[in-house]
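The values are calculated or read from the model by the stated rules, or taken from the named source; none is laboratory data. Because the structure is a prediction, the values reported are computed rather than measured. FYI the Cβ positions are ideal-geometry reconstructions off the backbone, even for glycines, and counts take in every protein chain you see.
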Amino acid sequence: MKDTNGTGYLPREQWLEIDLFERLSRSAFRSRFHLSAADRAYIEKRGMDTVRSHAYDLVRKRLAPAQIPNDGKQTPMRGAPKGHPVFVAQHATATCCRGCLEKWHGIPAGRELTEAEIDYVVDVIMTWVEREAAAGGRAGAGSR
Ligand SMILES: [Zn+2]
């Protein structure tokens, strides 16, 4: 997937140390994702706790296994009503596939995610969702 991560001249190790949301805000691709009115209505209706439990289910099923046959394509681009707000958050936060998890979060592909990594990924997703929901779908990773 075409993506600009704003690395420029920075060595990867140094780039990874920059705050994730700061790095995401520099990516034109990542920062174009926002919660739609339908996503926000869905969250309002189900509540944050339910959305968080969906995030756990989705991450465990689609990201956590060591081998994912369709890695890079397992996260639909669509939010509610036909997709899910968590999918949108995954694209916005580069937690959409193991390739992006490795590149953006420094979590190696090719092995099962640990429980701590699953917690981390869900926290990243839900931080983005909560910011977006609070800002009426306009915060995204690029809010300042
Ligand atoms: Zn990805």
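Given the criteria over 27 Å from Glu17 (Cβ atoms), more than 16 Å from the ligand (Cβ to nearest atom) and surrounded by 14 or more Cβ atoms within 10 Å (Cβ to Cβ), does Arg62 qualify? No; evaluated as a whole, the condition is false for this residue. When you scan segment 75-86, do you find a residue that is more than 15 Å from Glu117 (Cβ to Cβ), hydrophobic (A, V, I, L, M, F, W, C), within 13 Å of the chain's Cα centre (by Cα) and crowded, with 18+ Cβ neighbours inside 10 Å, even just one? Yes, some residue in segment 75-86 is more than 15 Å from Glu117 (Cβ to Cβ), hydrophobic (A, V, I, L, M, F, W, C), within 13 Å of the chain's Cα centre (by Cα) and crowded, with 18+ Cβ neighbours inside 10 Å.
For the residues Ala55, Ala37, Ala41, Ala28, the requirement of being in contact (Cβ under 8 Å) with a residue 40 or more places away in the chain, of a type outside the set (Ser, Thr, Tyr) and surrounded by fewer than 17 Cβ atoms within 10 Å (Cβ to Cβ) singles out Ala37. Against the conditions (1) within 16 Å of the ligand (Cβ to nearest atom); (2) surrounded by 21 or more Cβ atoms within 10 Å (Cβ to Cβ); (3) outside any loop (DSSP other than H, G, I, E, B), Cys96 satisfies every one except (3).
Close contacts from segment 108-133, counting a first residue that is closer than 17 Å to Arg30 by Cα and a second that is at pLDDT below 95, with Cβ to Cβ under 8 Å and a gap of 6+ residues or different chains, come to Trp128/Gly140; Trp128/Ala141; Arg131/Ala139; Arg131/Gly140; Arg131/Ser143; Glu132/Arg138; Glu132/Ala139; Glu132/Gly140.
The number of residues in segment 99-144 being assigned to a loop (DSSP other than H, G, I, E, B) and surrounded by fewer than 23 Cβ atoms within 10 Å (Cβ to Cβ) comes to 17. Under the condition of being over 12 Å from the mean Cα position of the chain (by Cα), farther than 15 Å from Lys61 by Cβ and within 15 Å of the ligand (Cβ to nearest atom), the residues counted in segment 111-135 number 0.
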